[in-house]
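Worksheet for the structure shown next.
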Amino acid sequence: MECKGFLFDLDGTLVDSLPAVERSWINWAQSRGVNPQEVLAFIHGKQAITSLRHFMPGESEEEIQREFSALEAIEARDTDGVEALPGAHALLNQLVALNIPWAIVTSGTVPVAHARHAAAGLPQPAVFITAEQVVHGKPQPDAYLLGAKMLGLPPENCVVVEDAPAGVLAGLAAGCKVIAVNAPADTPKLEQVDLVLTSLASVNVTGSANRAVINIGS
């Protein structure tokens, strides 16, 4: 595969934040009398506000925003167990060394995303797209279209790297190439992505800012 830029999801793709995510949402679900397993099955890859609106039908927007602010504060503080996923540091350091453009495009908000990025000790991207910057979150393409635009590249010249079904759909809808990493087997349109991997540790990149070549090893 060849491309000119990379658009990475954060949670579940570059960073293992699953324990922290599940702790906060299970506690929230239990406090609201909602089935925690239903919540966990819905939230991944989506903006938190989208999930809250889904599980708080009939509640006022003011109440939803209060819940959102409280949940955001908890998630931004709780980074216990958050760490980089295998291969993430090596791949990002390759891109930095080769001067290949890359961005992080997450459904998380600034406080949560930056706390997890810092906890994992990842390099700083030139572009960091968060929930505050888009009206329509994943699975809509807006976030990835904005990421490509901020890198100064057409979407078709970018590779989206994603783990969540909502993110895979967003990358495809944006017209990007898509690498699915450890995505669920029942991810919609998984057969349409360019590569399906179990880990970033198998990815090696060569080339330069004008042409990156993606190689997959064992």
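All of the numbers you see were taken from the coordinates with simple rules; none came from a lab. Since this is a predicted model, take the numbers as computed values, not measurements. Backbone-built Cβ (ideal geometry, glycine too); neighbour counts: all protein chains shown.
Could you work out Rg/(2.2 N^0.38 Å) for region 18-77, with Rg from alpha carbons only?
1.01
This model, with +1 at the C-beta of Lys and Arg and -1 at the C-beta of Asp and Glu, gives region 18-77 a dipole about its Cα centre of some 180 debye. Each helix, a run of at least 4 DSSP H residues, gives -39500 (n - 2.57); summed and divided by the residues of the chain, these come to -12500 deg cm²/dmol at 222 nm.
Scan region 130-195 for trypsin sites (Lys or Arg not before Pro) in coil per DSSP, keeping those whose Cβ has at most 15 other Cβ atoms within 10 Å, and list them by number. Mind dumping the intermediate values first?
Details: sites: 149, 177, 189; in loops: 189.
Loop-located and lightly packed - 189.
In terms of its alpha-carbon gyration tensor, region 73-180 comes out oblate; a/c meets the 1.5 threshold, while b/c is at least as large as a/b. Based on C-alpha pairs under 8 angstrom that are at least 6 apart in sequence, region 18-77 has a relative contact order of 33 percent. Alpha-carbon geometry of region 76-130: the Rg and the Dmax are 11.5, 34 Å, given in that order. Once C-alpha pairs closer than 8 Å and six or more residues apart are averaged by separation and normalised to the residue number of region 90-182, the relative contact order reads 23 percent. Phi angles across region 17-22 convert, under the Karplus curve 6.51 cos²θ - 1.76 cosθ + 1.60 with θ = phi - 60°, into 3J(HN,Hα) values of 10, 4, x, 5, 4, 5 Hz, Gly and Pro given as x.
Rounded to the nearest whole angstrom, the semi-axes of the ellipsoid equivalent to region 150-211, taken from the Cα gyration tensor as √(5λ), stand at 20, 15, 8, largest first.
Convex hull volume per residue, computed on the Cα atoms of the chain, equals 110 Å³.
Only one residue of 39, 115, 170 has its Cα farthest out toward the positive end of the dipole of the chain, where Lys and Arg carry +1 and Asp and Glu -1 on Cβ, and that residue is 170.
Given Cα pairs under 8 Å that are at least 6 residues apart, what percent is the relative contact order of the chain?
27
Cβ crowding within 10 Å, taken as a proxy for footprinting-reagent exposure, orders 2, 22, 75 from fewest neighbours to most as 2, 22, 75.
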